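Values in this text are rule-based calculations from the coordinates and carry no lab data. Source: prediction; values computed, not measured. Positions of Cβ are generated from backbone atoms using ideal geometry, with glycine treated the same way; all protein chains shown enter the neighbour counts.
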Amino acid sequence: MPAELTFVAPRRAKPPRHLADLSPDERAEVVRELGEKPFRAKQLAQHYFGSLVSDTSAMTDLPASSRERLGEALLPTLLTPVRHITCDNGMTRKTLWKAFDGVLFESVLMRYPDRVTLCISSQAGCGMNCPFCATGQAGLTRNLSTGEIIDQVVASARDLANGEVAGGPGRISNIVFMGMGEPMANYKRVLQSVRRITDPVPNGLGISQRGVTVSTVGLVPAINKLIDERMQVRLAISLHAPDDELRDELVPINTRWKVDEVLDAAWRYAGTTGRRVSIEYALIKDINDQAWRADLLGKLLKGHLVHVNLIPLNPTPGSKWTASRPEDEREFVRRLESHGVAVTVRDTRGQEIDGACGQLAAAEN
Ligand code: SAH
């Protein structure tokens, strides 16, 4: 057969290996294979996680002759910021990142008086196809590597520490996996990322597990696995409807794992961790904001370790849906509270820079 007729499947290149992808032992092994002293691995990790430095030429405690080699092997450039966009007087900053293969995704830094939250992506795109979510519309491009997830945090933390974000130098206190992607569909790398985020320096960034939120459409087997990790991270469930009929439409994976199965998994999570589960509910005008649905939701949640986060819908381009009327939102809150369920209405940080919930869809794509 002539060569030009043989089909060659496009080889999907993997993101470059980075020390954040490896365990401390694996890092030491890589360093040893380069003919360097194994403790160099720990020095590199100390620079990256402890001092937020990725550029080995600045690492004066490494032999000058080894810096480049060690950098190439364990601290390759993973992400390039394409641009930063700010709003809310600079207190919200969205960054568009480009990976080694040109793939684009976003993170959002939000400063509050008492905390700094970084919202990160776990996938480029998303395969869950929720019709109200901008990311869902384009489908899944690929999973992000652990290094690509972690580098969003490290690069943002570095800018924040260096005073490059309005409000003066600061530190990230909270991480939410609420950017692009379904974290539980990239379980292994997300879990490894949570470890890197929460392990103490030099193996991780030393952010409290209680400050990390993993948000999911409700992939029940993955929630069960997370329960077995015995971590203290917060679990958020994107419920958006209390009844299967509507949830099948709003969160299509519901046809696989129903509302009651997802909530059962949530209560098991709350039971083993002792942590309140967050129920995310985007209020969509005349779709899921009826008083009877608030009552139904209240009945399902009543008596459980739970907190409801109502999110005024951020309309995505071309969508026929919009946010609820203020009076319907108020009534929804009132009905939930009448069942004794804790509820807050989330602020809509970043809306005007398309950096608000579910709007993260790199325009360039
Ligand atoms: N895939 C995960 C995490 C990403 S989205 C999940 O679904 O939980 C983070 C939250 O924003 C989810 O609760 C999601 O349902 C919500 N969201 C998505 N699009 C939205 C929109 N247009 N308006 C308001 N919230 C939205």
Describe numerically, in nm with one decimal, the distance between label points set 7 Å from Cα along Cα→Cβ at Gln290 and at Ala161. 5.3 nm
Return the whole-Å distance between the Cα centroid of region 86-159 and the Cα centroid of region 29-47. 30 Å
Bounding extents of the chain in its principal axis frame from Cα atoms, largest first in Å, are 69, 63, 41
Scan around Val277 for amide H atoms under 5 Å from its own, H built in the peptide plane at 1.01 Å from N, and keep only partners 5 or more places away or cross-chain. Val306, His307
Measure off 7 Å from each Cα along the Cα-to-Cβ vector at Asp260 and Phe100, then give the distance between these two points in nanometres to one decimal. 4.8 nm
Amide H contacts of Ile175 (H built 1.01 Å from N, under 5 Å, at least 5 apart or other chain): Leu118, Val212, Thr213
Whole-Hz ³J(HN,Hα) from phi, Karplus 6.51 cos²θ - 1.76 cosθ + 1.60, for region 28-41, glycine and proline x: 4, 5, 4, 5, 4, 4, 7, x, 9, 5, x, 5, 4, 4
Expected unfolding gain across Asp25-Asp61 under the 0.36 nm per residue rule, minus the alpha-carbon gap, is 10.9 nm
Counting only pairs 8 or more places apart or on different chains, how many lysine pairs in region 77-351 have C-alpha atoms closer than 29 Å? 16
Non-local residues with an amide H under 5 Å from the amide H of Ser238, with H modelled 1.01 Å from N and Pro and chain starts lacking one, are Thr216, Val217, Gly218, Glu280
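Remind me, relative contact order of the chain in percent, using alpha carbon pairs under 8 angstrom and six or more residues apart?
Values: 706 pairs, mean separation 52.6, N = 365.
Taking the mean separation of contacting Cα pairs over the length of the chain, I get 14 percent.
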